[in-house]
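A short worksheet on the structure shown next.
The values are calculated or read from the model by the stated rules, or taken from the named source; none is laboratory data. Note that this is a predicted model, so its numbers are computed, not measured. Cβ sites come from the backbone with ideal geometry, for glycine too, and all protein chains shown count toward neighbours.
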Amino acid sequence: MDMYRELILDHYQNRRNWGLVEDPDIDYEEDNPLCGDHLHLTVRLDDARRVVAVGWEGEGCAISQASASMLGEAMVGKTLDELKHFSKDDILEMLGIPISPVRLKCALLSLKILKAGAYGLTGWPGEEDE
Amino acid sequence: MTSVETLLNVEAIRQDFPVLHQEVKPGVPLVYLDNAASSQKPTQVIEAVSEFYRKHYANVHRGIHKLSEESTEAYEGARAKTATFINAASRREIVFTRNATESVNLVAQAWGRANLMPGDVIVLTEMEHHANIVPWQLIAKERGAEVRYVPVTDDGLLDLSGLDTLLSGPVKMVAATHMSNVLGTVNALEGLVQAAHDVGALVFVDGAQSVSHKPVDVQALDADFLAFSGHKMCGPSGIGVLYGKRELLEAMPPFLAGGDMIKRVTLEGAEWNDVPWKFEAGTPAIAQAVGLGAAVDYLTRVGMDRIYAYEQVLLGYALERLEEVPGGAGAWARPVQEGRGGGLHAGGMHPHDIAELLNDRGVAVRAGHHCAMPLHQRFNLVATTRASFYLYNTREEVDRLIEALYYAKSVFAF
Ligand SMILES: Cc1ncc(COP(=O)(O)O)c(C=O)c1O
């Protein structure tokens, strides 16, 4: 099935940046109550507010875990401002598969947590438009 | 030998359910195994509802004209059929609600506000659906009452060994499910009902899963209240039932207020209508009630005892076939006493992924916590995949489920 193409299963099996970083500048975790998925994201920034380390832990389906793994990789080297600009389309592009409406929540859990962490809010400006 | 086919003529039954005869994509026929969430509707119910709209519809209890009389007769007729279906002593003991959830809220609020005192106790079980937990937690908080829980054993049964302690003190209400929507466990509630009554507590039974799958006799069970939903028993959504013993319903204040639930209103106050109408404020779900009546007729004609026996055979077959799948049934299904749905959980695969891949093969199951988070916590599970059967499912469909599971495992065979 397209949804479980090799790249997704690879990220699911070998989750990149697994494990929390010490002394994080961003530290946020949340559950997706619908499926019970859980994600905890930590990020360390350098003096120029650029991401030097990403670490995360979580539990969930292949889609939510692969999306967190891919997003984590993409975050390294970005500025805090750039983190805030990651979008739903960026995630879908990384996953590269059609996502059904019910699975969108799984795919976007990592983005939600990144945004919440980066903005220091439980949501972010423009969330409703995503 | 009890052949499955002698219990039910499933092929004929399937012909009654138009929705079953479709492909989810070209060449992949639908296998509908999400019956615990909601059931499909037979032509008899679909036709009854559209006939009613075509020929008889008007508001009930109000107009003195032909259609209003016919509509009232059909609506009240559905109440009488429902009363007979669960062997209530009178149709006056059947309150129509929107669903089982509303039935629980009705009693928790109307009975709770009038009867719960600070320090009183409500006893629930760990295997309840959120619908039979949250309304009680809410009223307990409001009234300063305490909520206790009957634990669940590793085998998925109610652990009644500590019942004496649980029922000590001012216990006013015991609310328990008749059949778990996750484990499939059927709770023989007789002992619990007796023990609760012995300490002067009332018993509220969540029949959302049991009434659709087995014969239920409220008088034999001696339940004080029973809640269930039309949509899980071949009827429309939007109609539910609260059964209550008449003297209890009469003693309870109303839940929602408005039209139809009063006898007389003055500027100073109102006098309540008789039961059950006292609890049916506003225009009810008239056509949905008529559809429920048709569903009751349908299930009665097939026979609830036959449906239950057939589902037991089907479940046995499913558990046997699951045994073959690597990991064995132990990894896939929790043991149940005599229920009908197994919760599937396979190490290494998330229930969402299983459900998604089963859907790819046309098999509709449900993944998640099934509105029973405390029960999942009890078994250290985040979520489960649930396949649940009904009278129209077949052995061939069980085979399709097994094949789809093999397929799912092959995708995740790292
Ligand atoms: C055991 C149980 N209780 C209560 C409910 C709630 O039913 P409804 O959503 O129709 O109110 C359900 C339905 O999922 C159930 O399975």
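Anything in the range B:246-291 that is among the aromatic types (Phe, Trp, Tyr) and either closer than 25 Å to B:Tyr53 by Cβ or part of a strand (DSSP E or B) (or both)? List them, or say none. Show your work before the answer.
Just the residues of the range B:246-291 that are among the aromatic types (Phe, Trp, Tyr), to begin with: B:255, B:272, B:277, B:279.
The answer is B:Trp272, B:Trp277.
Select from the range B:379-402 the residues that are over 30 Å from B:Asp16 (Cα atoms) and over 22 Å from the mean Cα position of the chain (by Cα) and write down the one among them that is nearest to the other protein chains (Cβ to nearest Cβ).
First, the residues of the range B:379-402 that are over 30 Å from B:Asp16 (Cα atoms): B:379-384.
If we keep only those that are over 22 Å from the mean Cα position of the chain (by Cα) too, we end up with B:379-382.
Numbers: B:Phe379: 12, B:Asn380: 12, B:Leu381: 8, B:Val382: 4 Å.
Among those residues, the one meeting the criterion is B:Val382.
Specify which of the listed residues (B:Arg306, B:Arg361, B:Arg321) is on the phi < 0 side of the Ramachandran plot, modelled with pLDDT of 85 or more and within 14 Å of another protein chain (Cβ to nearest Cβ).
On the way: B:Arg306 fails: within 14 Å of another protein chain (Cβ to nearest Cβ); B:Arg321 fails: within 14 Å of another protein chain (Cβ to nearest Cβ).
Unique residue meeting the criteria: B:Arg361.
If you check every pair at least six apart or on different chains, which have Cβ atoms under 6 Å apart with a residue in the range B:163-187 that is farther than 23 Å from B:Ala383 by Cβ first and a residue that is hydroxyl-bearing (Ser, Thr, Tyr) second?
B:Ala176/B:Thr125; B:His178/B:Ser210
Being farther than 16 Å from B:Ser39 by Cα and touching an Asp or Glu at 6+ places or on another chain (Cβ under 7 Å), is that true of even one residue in the range B:282-303?
yes
Within the range A:50-75, take every residue that is of a type in the set (D, E, K, R) and at pLDDT 90 or above and give me the one that is farthest from A:Leu111 (Cα to Cα). Give the derivation first.
Within the range A:50-75, the first condition is being of a type in the set (D, E, K, R), and the residues that meet it are A:50, A:57, A:59, A:73.
With at pLDDT 90 or above added as a condition, the list becomes A:50, A:57, A:73.
Working: A:Arg50: 18, A:Glu57: 14, A:Glu73: 13 Å.
Ranking the candidates gives A:Arg50 first.
Looking at (1) of a type in the set (Gly, Ala, Ser); (2) over 14 Å from A:Gly36 (Cβ atoms); (3) within 16 Å of the ligand (Cβ to nearest atom), which is the one condition that is false for B:Ala383?
Result: B:Ala383 passes all but (2).
All but one of (1) away from the ligand (no atom under 16 Å from the Cβ); (2) within 30 Å of B:Tyr75 (Cβ to Cβ) hold for B:Asp155; which doesn't?
(2)
Conditions first: (1) more than 29 Å from B:Cys234 (Cα to Cα); (2) surrounded by 22 or more Cβ atoms within 10 Å (Cβ to Cβ). B:Asp159 passes all but one, so which condition is the exception?
(2)
So, of the residues in the range B:200-236 that are of a type in the set (Gly, Ala, Ser), within 17 Å of B:Glu128 (Cβ to Cβ) and out of contact with any Ser or Thr (no Cβ under 7 Å at 6 or more places or on another chain), which turns out to be nearest to the ligand (Cβ to nearest atom)? Spell out the reasoning first.
Here is the first cut: in the range B:200-236, the residues of a type in the set (Gly, Ala, Ser) are B:200-201, B:207-208, B:210, B:212, B:220, B:223, B:227, B:229-230, B:235.
Filter again for within 17 Å of B:Glu128 (Cβ to Cβ), leaving B:201, B:207-208, B:210, B:223, B:227, B:229.
Narrowing further to those that are out of contact with any Ser or Thr (no Cβ under 7 Å at 6 or more places or on another chain): B:201, B:207, B:210, B:223, B:229.
On the way: B:Ala201: 20, B:Gly207: 8, B:Ser210: 8, B:Ala223: 14, B:Ser229: 3 Å.
Filtering first and then ranking leaves B:Ser229.
Determine whether B:Val241 is within 11 Å of the ligand (Cβ to nearest atom), outside any loop (DSSP other than H, G, I, E, B), away from chain A (no Cβ under 14 Å) and of a type outside the set (S, T, N, Q).
Numbers: within 11 Å of the ligand (Cβ to nearest atom): yes; outside any loop (DSSP other than H, G, I, E, B): yes; away from chain A (no Cβ under 14 Å): yes; of a type outside the set (S, T, N, Q): yes.
Taking the combined requirement at face value, the residue satisfies it.
Pairs, please: C-beta under 9 Å, at least 6 apart or cross-chain, first residue more than 14 Å from chain B (Cβ to nearest Cβ) and in the range A:56-81, second acidic (Asp, Glu) and part of a loop (DSSP other than H, G, I, E, B)?
Listed pairs, sorted by first residue: A:Leu80/A:Asp25.
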